[in-house]
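The values are calculated or read from the model by the stated rules, or taken from the named source; none is laboratory data. Since this is a predicted model, take the numbers as computed values, not measurements. Note: ideal-geometry Cβ built from the backbone for every residue, glycine included; neighbour counts use all protein chains shown. Side chains are part of the model used for accessible areas, which takes the heavy atoms of the whole protein and leaves out ligands, DNA and RNA. Shrake-Rupley method; radii C 1.70, N 1.55, O 1.52, S 1.80 Å.
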Amino acid sequence: MEARDSELEKELNATLQARSELGPEYESALIDSFLEKVDRRLDETLDRRVRRHLAEQQITVARGARAPQEPMANFGERFGFGIISLVLAIPLSAIGAANAGIEGLVVAWLGIVGVNVAQVVRGRPSSRRPEGRTKSDWAD
């Protein structure tokens, strides 16, 4: 990258030299020309980085590795759901036991467990994504 920086430095020096020779009336055109060169250089660098990132993703997918998952992305939702289900378990247990005895208590708890299992399964990312699609092409 140092070679590219020295090239840009040479371009800047040449632009400043041309400005001093041509005068301030050409300043705008000289600056525009220099900025176009800088813009072109930035585009080339960005293209190279995007190509490298996409190639790394393709290699990762080809090796069969799964994309890194966000750690506990919806932790608050799961935690809140668990707390609410435990709080509601008390009156549901009492109602089930009072109306149908031990069978009612078992049915109430099977329902509570079933709802919590469904919540956990719903919150998990699918193990298979459509081919060519990733969560984000820009995440590092």
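Some observations on this one:
- Using the Cβ-Cβ distance between T60 and Q119 with R0 set to 25 Å, the FRET efficiency from 1/(1 + (r/R0)^6) comes to roughly 0.25.
- Accessible area, probe 1.4 Å, largest first, for residues K10, K37: K10, K37
- Surface listing: T15, T60 arranged by accessible area from highest to lowest gives T60, T15, probe 1.4 Å.
- Cα shape, the range 1-45, gyration tensor, a/c 1.5 rule: oblate
- Computed with every protein chain present, the accessible area of L16 is close to 100 Å² [probe 1.4 Å].
- Solvent-accessible area of D39, all protein chains in place: 80 Å² (probe radius 1.4 Å, heavy atoms, ligands and nucleic acids excluded).
- Order of exposure, largest accessible area first, which applies to F34, F81 with probe 1.4 Å: F81, F34
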